[in-house]
Structures are given as structure tokens and as C-alpha cells.
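Read through the structure below, which is laid out as C-alpha cells, and then see the notes.
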Amino acid sequence: MGPVRLRRCFVNANVHRDSTVNAAFLLTHGQEGFFVRDGAMSTQVTQVMDESEIRRALTRIAHEIIERNKGVQNLVIVGIQSRGVPMAQRLAKLISDIEGAQVPVGSLNVALYRDDFDKHPARTISASDIPFDVTDKRVVLVDEVLYTGRTTRAALDALMDLGRPAVVQLAVLIDRGHRELPIRADYVGKNLPTSRKERVDVHWVETHGEDAVLIVK
Amino acid sequence: MTQLRRKDVLGLQEMSKEEIQLILDTAESYKEILSRPVKKVPILRGKSICTLFYENSTRTRCSFELAAKIMSADTTAVSTAGSSIQKGESFKDTLLTLEAMGMDLFVIRHSASGAPHFAAKIVKSSVINAGDGMHEHPTQALLDMLTICQNKGQIAGLKVLIVGDIMHSRVARSNIWGLSKMGAEVRICGPRTLLPAEIDKLPVKVYDDLDRALDGVDVVNVLRIQLERMNKGFFPSIREYSTLFGINKARLRRAKSDVLVMHPGPMNRGIEITPDVADGEFAVITDQVTNGVAVRMALLYLLLGGSGHVDST
């Protein structure tokens, strides 16, 4: 499979996290590995999960959450902004469907708790939206990719400032390794050994128009 | 736009619509922190912020200090009284001394227009203008705009009237630039003697008659009559000013039925605004003060962030 030149609008290897390469486009071309040329840079995109694999993983996690917490009593789901929010909403819906009871969902802005403020430009996302008191709740924090663990650390601090949960658990779609802090997930969709040079992009229908997990080299 | 690519915030005249929107959005997201039982976030730990005030202030200075403290920064207050400024230390030397102590950001109020601009050239740290002479008071205009946004949803298309002493008012100038950039129609009304000479160069409609100016407006921003400046015969008497340009309940009926009444404070009750309006259903004057803290938190955050790109999930 030789390098393929894509239309300019698809090609931007410098965009750090937001891959604009559409997995559906890759699939219609029947390619596993796919090279995107951008000037001197060459990017390889590989799809590692498709829509049905993501759906099965989320369904399994939903069942695990219910099992581990012995039901949905005092259970709340909190997505870490911005990328954990669609997954939190999906999990809450799956759990509600299985148990026949509504599970409250919130979203948490961790920007003010990060440890890389001196290196990173200030970034603005929307305010935390936690429409319930977290004190004495069983909180499931949700993020799409677990990598260094620093975002999770920030999220734990942000959560503690809002109250004193009974239990905090962590659910992620992808665990890609390379932890820099003693943090591990309670629920994992897929363990994905990666190199630090690679990037893992999760696409959601809600934000990208498709469900897919891609590795970008 | 997700970041403010500038070292200083000196005025709204040089700021883009996108930058103003970013500041307002960021501030809006911080209002949630102000309603928490424990109002403290760790993001500015280790940052030193100096409020350097050559003029008196209660709300602006307290608001900046509170904003800094909520974000865990350390604050140092320097004012004319009790500092080496009284021994004759120059503005420049004062700045250099404080910068040598490791200040990351200066909040400056000065009676000379342009003083913060001068300071911004002297120091490598960030500078926020907290009011310079008769020039600009950007954080006041930003909190005014945030208050309007919260009550009206947006600024574009609104008719906003600014009443009073436009000439001496840095609040008016910053509001005129900010509001017009955000797409509002800005009307001004006041005695001709208190309109600035450059009025035809500002993006405003000028009214002499307050009743006509109030016709159908969405917002009235009532300026303080700066009594300390009023001994130079700008108008015959306080009583005449109050009769012609004071905002009262009867006059307010000409405005839209959901008009907002704002005042940057401190108020001269009974002169530019009657007490029943100041405490009435249309007034959002205390909301303005609360929003001031959120706006200043947003500016501190946006100015003090790093500039690289770090990926950590």
C-alpha cells in the first residue's frame, strides 16, 4: 500500500489531537493502515475499534458498573470535559436502560486543576455542570483515553472541591499505558499498548459524526 | 478562539470582538466557582499579583484581590499612602522594584491616562489597566457586558444608553468601544459641557434630551457625577443636573419594559439616579459587582497561562 495523497481539507498532521481524517473514509477504501501526506510529514492512521466494538465495550462496562456497585443506588456518572462527556452520557443511558432507573450525569471542567498551566496556554471550556451534590454518592468518572493519568488526578481534585463522594471509580474506553502517576481504571473498554509517539483519537457520533477509535502515527 | 495572545490588557479599543467574547465566555464559566461553599481553585498557585493603585478604589481593588485569591495567587497591595511613592520614588522605579521581587502581573490604576501603557513597556510581567485617568477602564466595561449578556442573552442588536459625564469617564470610553464592537447601538446623553471633544470620532449617537435618548432602549448605564471634578462650572447646579439628566422611575417608562439599569458605582443617590430606581426591579447593580470578580478571574487566568503545547490524558 503506497502513500496516498488526500484532499487538502483532510490533511493536517500538525493538528495535535483532533484528527480530521474520517475513519469511514478509510473503511470505504478498505485500508487497514493508511498514509496521509502533509508536506514533508507522513501520518499513518489505523482504526482499532469500530462502531459495534465500541458499543459492545460500553455495554460491558455498563454491566460491570451495575455489578460492582450492586445496582444504581446513589450512583452518578461524571464525564471529564470535553472528551469524556459523550461517553458519560452513553454509559448513563445504557445503565438506565438495563436497570430501568435514571442515573444522573454531570460534566466536570478540570482546566483549573491541571499541573501543566505554566507550559500550556490557558484554555477555556464550558463550566462544570454537576446538577447534584456529590457528597456520599458513588461517582463514576469517565474519560475516553487514559494515558499519563494527569487529567484523572486533576479531575479527582476538582471533584473533591465539590463535596465528599462515598466512592470514586474510573471508567475509560481506551487505556494506552504510559502512566506517570499511581492511577488505574476500574473499567476499561480496551487495553491498547501504544508508543508515546503515537496518538489515540476517539471519534463519537455526537462530536465527529461517527464512532471509531484510531491510532495516528 | 481559545486563548488570549497578548501580554497585557490595557483597553478595549485595541481588542478584537473575538478576544472580548473569549473573556466573557471564560468569566461566565467561573460564576459557578463563586457559588460554591469553598471558593478556591488551585490554578494560580505560586503566582504573585501586585495591585498598584495611585488613585482610591474600593470595588475594583477588592474585586481583583478576591479574584486572585480565589484562584490561589498571592496578592500584594501597593498604594500611594504609606509607600515609597510618598518619598518621591518614580512610577518607573516603583515598577522595577516590584518586578524584581518577582511579580507576575500588575494591576494598575493611575490618574494619568496612558500610565498602564507606559508600565507595560517597562516590565516583562503582564499589566492590567484598572482605570487610567480619563482613558479606559476595560474590566468595568467587560463586567458590564457580562451582566448584559446574562440578562439579554447577547449584546448584538441591543440599544444601550450611557448617561452622564462622558468626558471624564473611563468607564464610558471602554463601554463605547466594547459595546460597539459586540454589535450594540450605543447612545450617549449628558450636558454638552461634559461630552468629550472627540465625540464625533466615537461610534455613538449623541442625544441632548434624556427622554428622547431613553426611547426604546434595552440598557441604561448611569455614570457617576464625579463631584470631585465638578467645581469648574460644567453645569450650573447639581439640582439642575439632576432635573435634566437624573434617572427616575417616570423617565424609565420610555425605555423597554425589561430595561436593565446599571451603575458602575459608587452611586450618588438622588443626583444621577433616584434611590427607588437604584434599588428597584430593573437594577442589576449588585450583579455587576459579582460579575466583576468573575471577569477579573478570567483575565488573570487567560494572561498567566503558558505558551507551549503539552499532551497529557
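Shape summary of segment A:94-175, radius of gyration then Dmax from alpha carbon positions: 13.9, 46 Å. For segment A:122-166, the residues whose amide N sits under 16 Å from a probe point set 7 Å from the Cα of A:Asn191 along the beta carbon direction are A:146-147. Interface area, chains A and B: about 2600 Å² of buried accessible surface, summed, with a 1.4 Å probe and ligands, DNA and RNA left out.
For segment A:86-176, applying the loop criterion from DSSP together with a ceiling of 14 other beta carbons within 10 Å to the trypsin sites (Lys or Arg not before Pro) yields A:Lys119.
So what is the orientation-averaged projected area of segment A:75-217, using the convex hull of its C-alpha atoms, in nm²?
Working: hull surface 36.3 nm².
The orientation-averaged projected area of the Cα hull of segment A:75-217 comes to 9.1 nm².
With the highest mean first, a sort of the peptides A:77-84, A:154-161, B:264-271, B:20-27 on other beta-carbon atoms found within 10 angstrom per residue produces A:77-84, B:20-27, A:154-161, B:264-271. Working value for the protein assembly as shown: equivalent-ellipsoid semi-axes of 50, 26, 24 Å, each the square root of 5 times a Cα gyration tensor eigenvalue, largest first. Near B:Ala112, the amide H atoms lying under 5 Å from its own belong to B:Gly133; only residues 5 or more places off or on other chains count, and H is placed 1.01 Å from N.
What is the Å³ per residue value for the convex hull set by the Cα atoms of segment B:100-151?
Enclosed volume per residue, from the Cα hull, is 84 Å³.
Which entries in A:Lys197/B:Lys124; B:Lys121/B:Lys159; B:Lys159/B:Lys249 show an alpha-carbon gap greater than 26 Å? Table pairs above 26 Å Cα-Cα are A:Lys197/B:Lys124; B:Lys121/B:Lys159.
Specify, per residue and in Å³, the volume enclosed by the convex hull of the alpha carbon atoms belonging to chain B.
Details: hull volume 45.9 nm³, N = 313.
For chain B, the hull spanned by Cα atoms encloses 147 Å³ per residue.
Using the Cβ of B:Phe64 as centre and a radius below 11 Å, the other residues enclosed give a net charge of +4, where K and R count +1 and D and E count -1. When the helices of chain B are scored as -39500 (n - 2.57) per DSSP H run of n ≥ 4 and the total is divided over every residue, the value at 222 nm lands at -11000 deg cm²/dmol. Summing Cβ point charges (Lys, Arg +1; Asp, Glu -1) relative to the Cα centre of segment B:213-292 gives a dipole of roughly 320 debye.
Per residue, segment B:1-40 exposes 50 Å² of accessible surface when a 1.4 Å probe is rolled over the protein heavy atoms with every protein chain present.
Determine, from the Cβ-Cβ distance of B:Arg239 and B:Asp279 and an R0 of 30 Å, the FRET efficiency 1/(1 + (r/R0)^6), rounded to the nearest 0.05. List each step's numbers first, then the result.
On the way: r = 22 Å, r/R0 = 0.73.
That pair, B:Arg239 with B:Asp279, gives E of 0.85.
Using just the C-alpha positions of segment B:134-228 as equal point scatterers, what log10 of I(q)/I(0) does the Debye formula give at each q in 0.18, 0.23 1/Å? Evaluating at q = 0.18, 0.23 Å⁻¹ gives log10 I(q)/I(0) of -0.75, -1.25. Take each residue in A:108-120, count the other chain C-beta atoms within 10 Å of its C-beta, and the mean is 6. With a simple spin-label model that places each label point 7 Å from the Cα along the Cα-to-Cβ direction, the separation between B:Lys124 and A:Arg179 comes to 3.9 nm.
Could you sort A:Glu64, B:Glu240, B:Glu18 by their accessible area in this structure, using a 1.4 Å probe and putting the largest first?
So the residues, ranked largest to smallest area, are B:Glu18, B:Glu240, A:Glu64.
Could you sort B:80-86, A:167-173 so that the peptide with the highest average Cβ count within 10 Å comes first and the rest follow in order?
Details: B:80-86: 11.7, A:167-173: 22.1.
Result, highest mean Cβ count within 10 Å first: A:167-173, B:80-86.
A simple spin-label model places the labels of A:Asp133 and B:Arg212 5.8 nm from each other, with each point 7 Å out along Cα-to-Cβ. Surface composition of chain B: carbon plus sulfur atoms hold 50% of the accessible area, using a 1.4 angstrom probe and ignoring ligands, DNA and RNA. Maximal additional length on extending the B:Gln21-B:Lys201 stretch stands at 62.4 nm, based on 0.36 nm per residue less the C-alpha distance.
Charge dipole (Cα centre; +1 on Lys/Arg Cβ, -1 on Asp/Glu Cβ; no other charges) of the protein assembly as shown amounts to roughly 620 debye. So how far apart, in nm, are the two label points at B:Met230 and B:Arg253 if each is 7 Å from Cα heading toward Cβ? With each label point 7 Å from Cα toward Cβ, the separation is 2.7 nm.
Beta-bridge orientation, the protein assembly as shown: approximately 25 percent antiparallel, per DSSP, counting only bridges with both partners inside. Could you name the aspartates and glutamates whose alpha carbon sits less than 18 Å from that of A:Lys70, not counting residues in the same chain fewer than 8 places away? Output for A:Lys70: A:Asp97, A:Glu99, A:Asp136, A:Asp186.
Where both residues lie in segment A:161-217, what percent of DSSP beta bridges are antiparallel, nearest 5? Write out the running numbers ahead of the final one.
Details: 5 of 9 bridges.
For segment A:161-217, the DSSP antiparallel bridge percentage is about 55.
The values are calculated or read from the model by the stated rules, or taken from the named source; none is laboratory data. Since this is a predicted model, take the numbers as computed values, not measurements. Neighbour counts run over all protein chains shown; Cβ positions are idealised from the backbone, glycine included. All accessible areas refer to the heavy atoms of the entire protein, side chains included, with ligands and DNA or RNA removed. Shrake-Rupley method; radii C 1.70, N 1.55, O 1.52, S 1.80 Å.
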